Structure formats: C-alpha cells, structure tokens
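This report concerns only the one structure given below.
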Amino acid sequence: MANKNYGFTLIEMMATLAIISILATGIIPLSQVVYKRTKELELRNDLRVIRTALDEHKKLVDQKIIPVSATASGYPEDLEILVTGVDLKTATGEKKKFLRRIPKDPMMEEGDWGLRSYADDPDSTIWGGQDVYDIYSLSDKQALDGTYYRDW
C-alpha cells in the first residue's frame, strides 16, 4: 500500500515565500515611481491647459475682442475669470469661457497654485495681485529628472 502524503514540505513553502518576497521588494519601488510619474504628467498637462487659457485671453485682448482699461496688461485679474467667462465686444455680445474648471495642483494637498502677475519678477514667489500672467506649483519637492516642480 502506497503512502499518500499530500501537501507541501517546509522547504517548498520557504522557497515559495522567498520568491514572493523578492518579487514584492522589486514591485513596490517601481509602483512608487509609476505613481510619481503619473502625478508629474498630470502637473505638466494642467500647467499647459491653464497657461494656454491665459495666453488665449491675452490674445483676444490684444485683438480688442475683450474690452479692458487702457492701463490693464490684458491678462485676467484672477483664474476664476477663465471659468466664469468674459463678455466679448462682438455684435452678438456672446460670453467666452476659457476653462470648464480650474485644475487642482496635483502635487499639493490643497490643490492651490502659485500666481505671478505681469509686473512681478519671473522667479517671484509673491503675487502682485494686479493680474494673472503665469502660474506655478507651490510644491518644494523634486521631480524624477531632478528639477523642482515650482520651476516648471
């Protein structure tokens, strides 16, 4: 009569556990890099979308389609104007909206952006408040390529 012992030996179980732990130690850092890269792509896209909307607003002001005062720079007073829209100086008097919503900064918990006005220095971290010429991330962290998010 044959001895029918079913199951795994202790050595087989230890070998399996060792293989799984080696695979897990390789996957966890890789998943963190993938998560960070995804956030960076989201940040780049959000910066591009908002900056394009700011440039489009300025372009319409320069073409005198959006009425502004003579002393204004042509950039919107705040980011909300890009969402609420502006009245155009056309025969139909339509309203132009540049964004559906203001994207949140993916690198910051609060999602707030740093703002620069046209009169501010290019690397200023204090907003003058006159208009919104540029935006930047308020994060102090470094990107995968070694640059800082606030410099993008």
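Since every read-out is calculated from the coordinates, none of them should be taken as a lab result. A quick note: this is a predicted structure, and the numbers were derived from the prediction, not measured. All Cβ positions, even for glycine, are placed from backbone atoms using ideal geometry, and neighbour counts span all protein chains on display.
Helical content alone sets the calculated 222 nm signal of the chain at -13500 deg cm²/dmol, taking -39,500 (n - 2.57) per DSSP H segment of four or more residues and averaging over every residue. In the elastic network of the chain, a GNM with C-alpha springs shorter than 10 Å, the most mobile of GLY26, GLY111, GLY128 is GLY26. Using a Gaussian network model of the chain in which every pair of alpha carbons under 10 angstrom is joined by a spring, one finds that among ALA24, ALA15, ALA119 the greatest mean-square fluctuation is at ALA15. Projected onto their three principal axes, the Cα atoms of region 10-151 cover extents of 83, 35, 22 Å, largest first. The C-alpha atoms of the chain define a longest principal axis, and helix 10-62 lies at about 10 degrees to it. Among the listed pairs LYS59/LYS95; LYS96/LYS141; LYS39/LYS96; LYS58/LYS104, give every one whose C-alpha distance is greater than 26 Å. The pairs that break the limit, which is 26 Å between Cα atoms, are LYS96/LYS141; LYS39/LYS96. Think of region 10-151 as having a plus end and a minus end, set by charges on the Cβ of Lys, Arg, Asp and Glu; of ILE20, TYR148, THR125, ILE20 sits farthest toward the positive end of this dipole.
Within the listed set VAL83, VAL34, VAL132, the residue fluctuating most in the Gaussian network model of the chain (springs between alpha-carbon atoms under 10 angstrom) is VAL34.
Of the trypsin sites (Lys or Arg not before Pro) found in region 26-113, those in coil by DSSP whose Cβ has at most 14 other Cβ atoms within 10 Å are LYS64, LYS89, LYS97, ARG100, ARG101, LYS104.
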